[in-house]
Every structure is written in C-alpha cells, then in structure tokens.
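The values are calculated or read from the model by the stated rules, or taken from the named source; none is laboratory data. Worth saying up front: this structure is predicted, and the values here are computed from it rather than measured. Note: ideal-geometry Cβ built from the backbone for every residue, glycine included; neighbour counts use all protein chains shown. Protein only, heavy atoms only, side chains kept; ligands, DNA and RNA dropped before computing areas. Shrake-Rupley method; radii C 1.70, N 1.55, O 1.52, S 1.80 Å.
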Amino acid sequence: MPRLSVFVIALNQEANIADCLDSVRFADEIVVVDTGSTDRTAELARARTDRVLTAPWQGFGRTKNFALDQTRGDWVFSLDTDERVPAALKDEILAVVAGDGRLNGYRVPRKNYFCGRWIRHLGWYPDYTLRLFRRGQGRFGDREVHEEVQVAGPVGTLKTPLEHYSYRSVGEYVSRMDRYARLAALELAKAGRRPFPGELFYRPLFAFLHLYFLRRGFLEG
C-alpha cells in the first residue's frame with residue numbers, strides 16, 4: 001500500500017501539468033482526475049503516473065472528493081495544477097508521513113506568483129491552506145468554489161511555502177475572478193442570500209480600502 005498519495009484535478013492544463021506532477025515525484029502514488037481536457041493534459045499526465053482517470057466536472061468540492069476517493073495512501077496531499085512543491089516542503093511532508101504524524105491534518109503556507117513577482121501583502125502571503133491529511137479523516141466541503149478540507153481532529157502547520165503560480169497576466173486574473181464571482185454568487189443564491197440595499201456599492205469600496213491600506217496592498221506597487 002502506498003504511504004503518501006497526491007491527487008490533482010485538471011482541465012486543459014497542458015501548460016502546467018508536467019511541472020506540477022514533476023514536483024511531487026517523491027509521492028508513492030499520484031492520482032490525476034481529468035475532467036474532459038481537449039489538449040495534451042492527459043497525455044502529459046500519463047507520462048508521469050499510471051493513475052490518470054477521467055470524470056465529469058461536478059464542481060470543485062465534489063470533483064476533489066472523487067479524486068480523493070481514488071487514492072490508496074495512508075496520507076494524502078491535495079495539489080492544484082498551478083502549484084509546485086519545493087524541496088524543503090517535500091522534506092517536511094515526508095517527515096510527517098514517515099513519523100505517522102501525531103495530528104490528522106497539516107496546513108501549509110502558500111506564496112503566490114503574479115505577473116512576474118512574488119506577492120507579499122494583500123493577504124496573499126502566507127495564505128495558509130490545509131493540504132496534507134490522514135486518509136479517511138478529511139473531506140472537501142460541497143462548494144462550487146473556494147472549497148476547503150474539513151479534517152476530523154487536530155491540525156498543525158508546516159513551515160515551507162507551497163509555490164502558487166497563479167496568474168500569467170492581468171487578463172487571466174480578471175477572467176478567473178469573473179468565473180469565481182459567478183460561482184460564489186451561485187453559492188449565495190443556493191443558501192437564499194440576497195444582496196442588502198446598497199451592498200453592490202459599499203462592499204467593493206470597503207474591499208478596496210481593506211486590501212489597499214489594512215493589507216498594505218500599496219506596497220506592491
């Protein structure tokens with residue numbers, strides 16, 4: 001039985017999938033779930049692992065849970081196609097697995113690369129996210145976007161940041177934010193949430209003031 005499984009969901013990610021999977025070659029098992037790519041994503045993935053599966057898109061949370069269910073390791077690590085595991089983080093992950101960690105899950109800090117530079121403010125760093133957990137002790141929430149792992153029991157924190165090569169251009173950022181905003185609106189609508197009077201005016205304003213001043217976004221130029 002593999003001790004560490006890494007799982008990835010992918011759609012038309014031929015520009016990212018090779019570097020992503022190469023960064024986790026140390027894992028005992030790599031599971032890739034392709035949700036209908038029309039480019040070379042699946043081909044490049046199969047050159048790096050024999051666990052490449054296809055499945056329909058069901059939303060972020062449900063699709064990641066499907067991928068999680070295909071893993072066989074004692075410990076699992078969730079990775080996105082635009083992320084990379086550096087050598088120091090690899091060592092931390094392997095130490096947890098080898099020692100059969102005293103906790104059920106571990107958050108990792110994440111640093112985000114945007115348009116040629118690492119972003120240090122705006123709440124983009126250290127951007128903690130729970131990625132490593134004991135199999136059978138964690139599931140993703142059933143959300144359309146911004147899905148998170150819910151772990152039963154105590155969690156800890158690793159030190160080395162996961163590298164996130166998030167957006168290659170402002171245009172890509174705007175396009176993805178539009179998609180995420182629509183998915184978030186769908187989540188709110190499903191929950192019966194409707195905007196308050198004037199919210200479409202004051203919420204963007206407050207968000208700007210919060211990010212630019214309190215989160216020191218002005219330091220990013």
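I'm trying to understand the selection: among the residues of segment 182-211, which are assigned to a helix (DSSP H, G or I) and open to solvent by 90 Å² or more (accessible area, probe 1.4 Å)?
Arg182, Lys190, Leu200, Phe201, Arg203, Phe206, Phe208
Check segment 173-180 and report whether any residue there is basic (Lys, Arg) and either exposed (fewer than 14 other Cβ atoms within 10 Å of the Cβ) or under 30 Å from Ala88 (Cβ atoms) (or both).
Taking every residue of segment 173-180 in turn, at least one turns out to be basic (Lys, Arg) and either exposed (fewer than 14 other Cβ atoms within 10 Å of the Cβ) or under 30 Å from Ala88 (Cβ atoms) (or both).
Looking at segment 57-69, is at least one residue open to solvent by 30 Å² or more (accessible area, probe 1.4 Å) and more than 23 Å from Leu183 (Cα to Cα)?
yes
Given the criterion under 16 Å from Gly61 (Cα atoms) and in contact with a Ser or Thr (Cβ under 7 Å, 6 or more places away or on another chain), identify the matching residue among Arg143, Arg179, Arg131.
Only one candidate passes the filter, namely Arg131.
Only one residue in His121, His146 is out of contact with any strand residue (DSSP E or B) (no Cβ under 8 Å at 6 or more places or on another chain), open to solvent by 50 Å² or more (accessible area, probe 1.4 Å) and under 29 Å from Glu220 (Cβ atoms), so which one is that?
None of the others qualify; the one that does is His146.
Could you check how many residues of segment 77-92 are within 16 Å of the chain's Cα centre (by Cα), among the charged types (D, E, K, R) and assigned to a helix (DSSP H, G or I)?
Of the residues in segment 77-92, 0 are within 16 Å of the chain's Cα centre (by Cα), among the charged types (D, E, K, R) and assigned to a helix (DSSP H, G or I).
Mind counting the residues in segment 70-95 that are open to solvent by 10 Å² or more (accessible area, probe 1.4 Å), farther than 16 Å from Lys111 by Cα and of a type in the set (S, T, N, Q)?
Qualifying residue count, segment 70-95: 1.
Check every one of the strands (runs of 3 or more DSSP E) wholly within segment 103-162 and list those with 3 or more residues that are within 24 Å of Arg3 (Cα to Cα) and in contact (Cβ under 8 Å) with a residue 60 or more places away in the chain.
138-140
Test Arg3 against the criterion of being closer than 25 Å to Gly99 by Cβ and open to solvent by 70 Å² or more (accessible area, probe 1.4 Å), and give yes or no.
yes
Could you grab me the full set of residues in segment 180-219 that are free of Cβ contacts under 8 Å to residues at least 12 places away in the same chain and under 30 Å from Cys20 (Cβ atoms)?
Answer for segment 180-219, where residues must be free of Cβ contacts under 8 Å to residues at least 12 places away in the same chain and under 30 Å from Cys20 (Cβ atoms): Ala181, Arg182, Ala185.
Can you name the residue in segment 156-168 that is open to solvent by less than 50 Å² (accessible area, probe 1.4 Å) and modelled with pLDDT under 85 and is also farthest from Asp127 (Cα to Cα) among such residues?
Applying the filter and picking the extreme gives Tyr167.
Write out, first by first residue and then by second, each pair whose Cβ atoms fall under 9 Å of each other, whose residues are 6+ apart or on separate chains, and whose first residue, in segment 53-79, is at positive phi while the second is among the hydrophobic types (A, V, I, L, M, F, W, C) and at pLDDT below 95.
Gly59/Val145; Gly59/Leu183
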